[in-house]
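These notes concern the structure reproduced below.
The values are calculated or read from the model by the stated rules, or taken from the named source; none is laboratory data. Just so it is clear, the structure is predicted and the values come from calculations on it, not from any experiment. As a convention, Cβ positions derive from the backbone with ideal geometry for all residues, glycine included, and neighbour counts pool all protein chains shown.
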Amino acid sequence: MDAEHELISGCLNQEPVSQEKFYRQFAAKMFGICLRYAVNPMEAEDMLQCGFIHIFSRLHQFRFEGSLEGWVKKIIIHTAVNYCRKQAKFQLEVELKEDCLEATISEDALSVLSTKDLLAIVQGLPTGRRTVFNLYVIEGYCHREIGEMLGISEGTSKSQLHRAKASIRKYLMESER
């Protein structure tokens, strides 16, 4: 039996040592994912804990087809999205009547931003925009999939993404001054 099978077997047998080892193996990386969806680190910790509860309760469903980390990541993302859905109501589909100005952001503005700054910008977005932005730009889901996950239409997903990008553009333009 290889190490991954052994670790999962220990977790399924509810061995605290195995569960802690499993948690430590994935917690830091999954916390980073939660931070992108959360408003603050405390909310990200809540998402992470809920995610690991789901993971441990569904670990028996892992079929060793594909990577364990990918399976864990998928559950964490779904947990974060569901958390966001419970925390905020997504706006009804509204067609944008005016185009946002396509501003050019200089390379200097982007180069001085740290990962922490970028995370703060994304965390500052309203929940709907932040969630759609993360799912589309970071996780690579399409608008149809996002709509299904969040219970919104594709058009609303596209609108939320457009607004998120406009908000980020506006922030970067203001910080350039």
Please determine, by comparing only the residues of segment 140-151 that are modelled with pLDDT of 90 or more and not in a helix (DSSP H, G or I), which one is farthest from A120 (Cα to Cα). C142
Tell me, yes or no, whether segment 97-104 has at least one residue that is assigned to a helix (DSSP H, G or I), over 13 Å from the mean Cα position of the chain (by Cα) and either at pLDDT 85 or above or more than 26 Å from G151 (Cβ to Cβ) (or both). no
Go through the residues of segment 21-29 one by one and say whether even a single one is at pLDDT 90 or above, more than 21 Å from the chain's Cα centre (by Cα) and on the phi < 0 side of the Ramachandran plot. yes
Conditions (1) at pLDDT 95 or above; (2) touching a helix residue (DSSP H, G or I) at 6+ places or on another chain (Cβ under 8 Å); (3) over 23 Å from Y136 (Cα atoms); number of the one not met by F64: (1)
In segment 153-177, which residue that is at pLDDT 90 or above and among the hydrophobic types (A, V, I, L, M, F, W, C) is nearest to V39 (Cα to Cα)? A164
Identify all residues within segment 122-139 that are surrounded by 17 or more Cβ atoms within 10 Å (Cβ to Cβ) and assigned to a helix (DSSP H, G or I); write none if there are none. V122, Q123, T127, G128, R129, R130, T131, V132, F133, N134, L135, Y136
Specify the residue that is surrounded by the most Cβ atoms within 10 Å (Cβ to Cβ); the eligible residues are those in segment 146-177 that are among the charged types (D, E, K, R) and in contact with a helix residue (DSSP H, G or I) (Cβ under 8 Å, 6 or more places away or on another chain). R163
